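Asks: Quick one: the structure is below, questions incoming.
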Amino acid sequence: MLKGRHLIEPGDFQLDEIESIMQLADNIIADPEGYSLVCKGKLLASLFYEPSTRTRFSFEAAMLRLGGEIIGFDDPNNSSVSKGESLGDTIRTIECYSDIAVIRHPREGTARLVSKFANEMPIINAGDGGHEHPTQTLTDLLTIRKFKGGCDNHVVGVCGDLLFGRTIHSLVKTLSRYQGVKFVFISPKELKMPAHILHQLDPKTYTETTSLDEVIGNLDILYMSRVQRERFVSEEEYLRLKNYYILDKKKMKSAKEEMIVMHPLPRVNEIATEVDEDPRAVYFAQAKYGMYVRMALIAKLLGVEDKK
Amino acid sequence: MINVSKLKKGIIIDHIEAGHGFEIYKELHLNDIDDVVVLLKNIPSKKMKQKDLIKIETDLQIDMTVLGLIDPNVTINFVKNGELCKKISLTLPKVVNGIMTCKNPRCITQYEDVKDIRFYLVNEEKKQYRCEYCDAYTTFIDEE
């Protein structure tokens, strides 16, 4: 039963609960009209303390497509935060008006903290600094399910900024709960997967390398990520690392025919635009699945999926 | 060798790693109590070569959690009527509530007034704990 629950990190849900969200997403994709009024009369608070296009739009589009409405902000300077209000007070106030809240914040652990102040309103973490981004993980799982038939027994290459990449941390922890998944972590040594993630994995299930060329032929899924300027203190260090990996047509020739390329977007230089026409490039489909999976999540947390 | 008279009642915190005695003294806020407190440092020890030791002539209850965090190898002797009545060895607590602070500069607890932050033991050897909010690993005291 997911009604009334928070989603702060993917570990908050059991695999069968995640499966139930995936199944609902499948149903919504098959019959979007049928779900277009299930959230009628419900309000989603969209609290974005740092810039976001994709995540915010996909949440807001998801709520609107379910027939619900949205209140919120995408610039904390336009809210009471600029007056020095604590997060606890903000959430307690917003709970007076809203049925469900989505929060993105640059500080790690924010969503967990605010969930302690929400008595009945489900909180969805839409990204907290370099920590977690669980709805991107649901998006990724739905994409893998759609293109690879399921999440078990894949060799998953994860490439780019593995140190600050919150989407990657959430995805790796979640995929490690499925059967027979092996990881190849591909990063410059300055941006390696942090110890707190590696400690949660069976050492036999992953390898680490700095070379994408050497391993691309072994992968079933290649998950590319952007080196994020906003996570670096030093601009010089960012400029040095941002073009470390560029996936292009030449590299794709070494990959399996059935490998898929995923990316949470936005991309900068890490995937050349020439790769977009390759049928193995599924990142724009992934963005669309993001909206459907968020529709399924909102409907589940509000307990309205049966109102179809 | 300096001699300190035998304790009639109270607590002897023994086998403190040399150098950790003052840390324990501070964390137990022994400066704030009116009872007799003795901190001995760098005492020759057969087992440890050197050790620190604290004697407190008191009836106060002591929160063992903080001792386990600073130096889990200490032993605590409770003395009553001049006799040893109870001896306790410490281990690192599995969960610490409200004593530690997160050292991750990006953790929300550095910016909001968050009370009673919970930490979970993840690595006994390195005395590392995981913050309940940001999941970053941290230690109670900085090891050299």
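FYI, it's all coordinate maths here, none of it is from the lab. Remember, it's a predicted structure, so these values are computed and weren't measured experimentally. Backbone-built Cβ (ideal geometry, glycine too); neighbour counts: all protein chains shown.
Asks: Per residue of B:122-135, count partner chain C-beta atoms within 10 Å of its C-beta, then hand back the mean as an integer.
Replies: Neighbouring Cβ atoms belonging to other protein chains average 4 per residue here.
Asks: Report, by chain and number, residues whose modeled amide H sits under 5 Å from the one on A:LYS182, excluding near sequence neighbours (fewer than 5 apart, same chain).
Replies: HN-HN under 5 Å from A:LYS182: A:HIS154, A:VAL155, A:VAL156.
Asks: Which cysteines in the protein assembly as shown lack any other cysteine whose Cβ sits under 4.7 Å from their own Cβ?
Replies: Cysteines of the protein assembly as shown left without a disulfide-compatible partner: A:CYS39, A:CYS96, A:CYS151, A:CYS159, B:CYS85.
Asks: May I pose another question? In chain A, which longest range has no GluC sites (Glu not before Pro) that are both DSSP loop (not H, G, I, E or B) and surrounded by at most 16 other Cβ atoms within 10 Å? List each step's numbers first, then the result.
Replies: Values: sites that count: A:GLU85, A:GLU120, A:GLU257, A:GLU258, A:GLU277.
With GluC sites (Glu not before Pro) excluded where exposed in loops, chain A gives A:121-256 as its longest stretch.
Asks: Between B:TYR133, B:CYS85, B:TYR111, whose Cα lies farthest towards the positive end of the dipole of chain B when Lys and Arg beta carbons carry +1 and Asp and Glu beta carbons carry -1, centred on the Cα centre?
Replies: B:CYS85
Asks: Follow-up question, since we're still on this one. Which ³J(HN,Hα) values in Hz, rounded to whole numbers, follow from the phi angles of region A:144-158 under the Karplus curve 6.51 cos²θ - 1.76 cosθ + 1.60, where θ = phi - 60° and Gly and Pro get x?
Replies: Result, rounded to whole Hz: 4, 4, 5, 8, 10, x, x, 9, 7, 6, 10, 9, 10, x, 10.
Asks: Now a separate question. Tilt of helix A:283-302 relative to the longest C-alpha principal axis of chain A, in degrees (0 to 90, nearest 10)?
Replies: On a 0 to 90 degree scale, this one is about 30.
Asks: Would you calculate, for chain A, the mean residue ellipticity at 222 nm contributed by helices, counting each DSSP H stretch of 4 or more residues as -39,500 (n - 2.57) and dividing by all residues, to the nearest 500?
Replies: Here the helix-only value at 222 nm equals -10000 deg cm²/dmol.
Asks: What is the helix-to-structure angle for A:166-175, meaning the angle in degrees between its Cα long axis and the longest Cα principal axis of chain A, kept from 0 to 90 and rounded to the nearest 10?
Replies: 80
Asks: How many Cβ atoms of partner chains, on average, are near each residue of B:99-106 if near means within 10 Å of its Cβ? All intermediate terms of the calculation are to be shown ahead of the outcome.
Replies: Working: counts 0, 0, 0, 2, 0, 6, 3, 10.
Whole-number average of other-chain Cβ neighbours for B:99-106 is 3.
Asks: What number comes out for the charge environment of B:ILE2, summing +1 per Lys or Arg and -1 per Asp or Glu over other residues with Cβ under 15 Å away?
Replies: Charge balance in the 15 Å sphere: +3.
Asks: Once you sort the root eigenvalues of the Cα gyration tensor of region A:134-287 as a ≥ b ≥ c, which label holds: rounded (a/c under 1.5), prolate (a/b larger than b/c) or oblate (the other case)? Intermediate results must be reported in sequence, preceding the final value.
Replies: Details: a/c = 1.43, a/b = 1.10, b/c = 1.30.
Judged from the Cα gyration tensor, region A:134-287 comes out rounded (a/c under 1.5).
Asks: ³J(HN,Hα) across region B:6-22 via Karplus (A = 6.51, B = -1.76, C = 1.60, θ = phi - 60°), whole Hz, x for Gly/Pro?
Replies: 5, 7, 8, 8, x, 10, 10, 9, 10, 6, 7, 4, 3, x, 8, x, 5
Asks: Can you compute 3J(HN,Hα) from phi for each residue in region A:66-78, using the Karplus curve 6.51 cos²θ - 1.76 cosθ + 1.60 with θ = phi - 60°, rounded to whole Hz and x for Gly and Pro?
Replies: With coefficients 6.51, -1.76 and 1.60, one gets 8, x, x, 10, 10, 10, x, 8, 10, 9, x, 5, 9 Hz.
Asks: Further, regarding this structure: Mind scanning B:LYS6/B:LYS41; A:LYS182/A:LYS300; A:LYS182/A:LYS242; B:LYS94/B:LYS126; A:LYS182/A:LYS204; B:LYS55/B:LYS86 and naming the pairs with a C-alpha gap bigger than 20 Å? Walk me through the numbers before you get to the answer.
Replies: Details: B:LYS6/B:LYS41 17 Å; A:LYS182/A:LYS300 30 Å; A:LYS182/A:LYS242 26 Å; B:LYS94/B:LYS126 13 Å; A:LYS182/A:LYS204 8 Å; B:LYS55/B:LYS86 15 Å.
Pairs exceeding the cut-off: A:LYS182/A:LYS300; A:LYS182/A:LYS242.
Asks: In addition: Of the candidates B:LEU40, B:LEU90, B:LEU60, which one comes out as most mobile in a Gaussian network treatment of chain B with C-alpha springs shorter than 10 Å?
Replies: Maximum among the listed residues: B:LEU60.
Asks: Mind checking which of A:ILE216, A:PHE117, A:THR143 is farthest towards the positive end of the protein assembly as shown's charge dipole, using Cβ charges of +1 (Lys, Arg) and -1 (Asp, Glu) about the Cα centre?
Replies: Going by the Cα projections, it comes out as A:ILE216.
Asks: Angle, helix A:54-65 long axis vs. longest principal axis of chain A, Cα atoms, 0 to 90°, nearest 10?
Replies: Long axis of A:54-65 versus the principal axis of chain A: about 50 degrees.
Asks: Please build a GNM for chain B, connecting alpha carbons under 10 Å apart, and tell me which residue among B:ASP59, B:ASP32, B:ASP71 fluctuates the most.
Replies: Taking springs between Cα atoms under 10 Å, the residue moving most is B:ASP32.
Asks: While we're on this one: Under the rule of at least 5 residues apart or a separate chain, name every residue whose amide H is placed under 5 Å from the amide H of B:VAL74.
Replies: B:LEU90
Asks: For region A:159-225 and region A:1-80, write down the distance between their C-alpha centroids in whole Å.
Replies: 27
Asks: Rounded to the nearest 5, what % of the DSSP beta bridges within the protein assembly as shown are antiparallel ones? Don't skip to the end; give the middle numbers.
Replies: On the way: 33 of 67 bridges.
Just about 50 percent of them are antiparallel.
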